[in-house]
1. Limited to segment B:25-56, what total is found for residues that are within 20 Å of residue B:93 (Cα to Cα), assigned to a strand (DSSP E or B) and within 14 Å of another protein chain (Cβ to nearest Cβ)?
2. Counting only residues that are exposed (fewer than 13 other Cβ atoms within 10 Å of the Cβ) and within 23 Å of residue A:82 (Cβ to Cβ), which one in segment A:16-37 is farthest from the other protein chains (Cβ to nearest Cβ)?
3. Is it true that some residue in segment B:53-62 is in contact with a strand residue (DSSP E or B) (Cβ under 6 Å, 6 or more places away or on another chain) and either modelled with pLDDT under 90 or buried (at least 20 other Cβ atoms within 10 Å of the Cβ) (or both)?
4. So which strands (runs of 3 or more DSSP E) stay within segment A:12-111 end to end and still have 3 or more residues that are touching a residue at least 40 places away in the same chain (Cβ under 8 Å) and in contact with a strand residue (DSSP E or B) (Cβ under 7 Å, 6 or more places away or on another chain)?
């Protein structure tokens with residue numbers, strides 16, 4: 001499968017714990033995006049990488065959130081000291097140089113108890 | 001806060017009926033995309049429109065980009081139960097230099113057999 005893959009698909013954690021999500025984009029895509037989606041809403045932009053550089057972060061991304069893309073390939077999104085309000089689907093998408101079309105993974109669903 | 005307004009929010013119709021959903025903004029898009037999302041999955045790209053007034057067809061789906069590039073519509077002819085899903089529009093704004101695609105909240109379509 002050469003699409004965008006995300007791991008884990010589901011994560012249940014207790015409030016205050018740290019969680020990390022991984023995204024493997026389509027190999028030839030240099031742009032990588034993280035979005036958060038809650039029930040009944042469209043995806044909300046969190047952050048964007050071009051190669052290994054994090055070029056933009058949303059104001060939604062508090063200091064408990066950090067994202068990395070160390071080698072310009074896979075990316076991780078870490079949430080520290082999780083809160084119940086962090087419960088959502090976390091979506092990763094990648095895009096190539098020539099087009100703005102986003103290719104999404106299946107998402108990582110986080111439930112904070 | 002969604003910058004793109006999608007309407008209607010929910011739509012339930014019988015198989016064989018036609019429908020139109022809308023995506024509106026007060027700002028100009030450099031490009032606009034339509035996605036379909038099924039429960040528990042990431043959005044899947046349907047089409048990208050770039051030119052004002054552009055019309056694209058994908059089998060029974062017809063996409064139109066407004067002349068002023070501020071709005072778009074999706075028309076489905078003879079809807080089928082397989083069309084059920086969340087239809088999202090996403091746009092890149094002309095006056096914003098960042099690269100994030102902003103999503104609407106979506107139209108949740110249910111087609112009953």
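The values are calculated or read from the model by the stated rules, or taken from the named source; none is laboratory data. The model shown is predicted, which means the values in this text are computed figures rather than measured ones. Here the Cβ is made from the backbone with ideal geometry for all residues, glycine too, and neighbour counts use every protein chain on show.
1. 12
2. Of the residues in segment A:16-37, the ones exposed (fewer than 13 other Cβ atoms within 10 Å of the Cβ) are A:16, A:18, A:27-28.
Going one step further and asking which of them are within 23 Å of residue A:82 (Cβ to Cβ), we end up with A:16, A:18.
Numbers: A:16: 27, A:18: 24 Å.
Only one residue tops the list, namely A:16.
3. no
4. Numbers: elements: A:19-24, A:31-37, A:44-50, A:53-57, A:65-68, A:75-79, A:88-95.
Once the strands (runs of 3 or more DSSP E) in segment A:12-111 are filtered for at least 3 residues that are touching a residue at least 40 places away in the same chain (Cβ under 8 Å) and in contact with a strand residue (DSSP E or B) (Cβ under 7 Å, 6 or more places away or on another chain), what remains is A:19-24, A:31-37, A:75-79, A:88-95.
Residues checked against (1) farther than 27 Å from residue A:55 by Cβ; (2) at pLDDT 95 or above; (3) not in a strand (DSSP E or B):
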residue	(1), (2), (3)
B:78	yes, yes, yes
B:86	yes, yes, no
B:95	no, no, yes
B:99	no, no, yes
